[in-house]
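To start, the structure itself, in structure tokens.
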Amino acid sequence: MLPRLLEARITHDEGNMSNEEIPAYIARTPCGCLVFATVDNGKRSKAVAKEISKAIRDGLTIERVTVGFVRAAKWGCDHKKKK
Ligand SMILES: [Zn+2]
């Protein structure tokens, strides 16, 4: 039951971006680098879906994480630049 309780609380707290437990989506490049993230709060669900489908079209891999994960993650991809 805990996940459902957690979800209800997150919905209630939406807009509070400091909440590390807010769900988010990230996109990784084929080389595994993190290049995109979007917060998945209820009110933005349409925009989020649009952003994610664009990322998939760009060949990125989507993962569902939390805002805390996004904050702690290492960002960017150096592989494309290096030749
Ligand atoms: Zn890379």
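No lab work stands behind these numbers, since they all come straight from the coordinates. Here the structure is a predicted model, which means the values were calculated and not measured. As a convention, Cβ positions derive from the backbone with ideal geometry for all residues, glycine included, and neighbour counts pool all protein chains shown.
Annotations for the structure displayed:
- The residue that is surrounded by the most Cβ atoms within 10 Å (Cβ to Cβ), among those in the range 30-44 that are small (Gly, Ala, Ser) and within 16 Å of the ligand (Cβ to nearest atom), is Ala37.
- Condition met for Ala27 (touching a residue at least 24 places away in the same chain (Cβ under 8 Å), surrounded by 13 or more Cβ atoms within 10 Å (Cβ to Cβ) and not in a loop (DSSP other than H, G, I, E, B)): yes
- For the range 45-83, a residue qualifies if it is loosely packed, with under 12 Cβ neighbours inside 10 Å, of a type in the set (A, V, I, L, M, F, W, C) and assigned to a strand (DSSP E or B), and exactly one does: Trp75.
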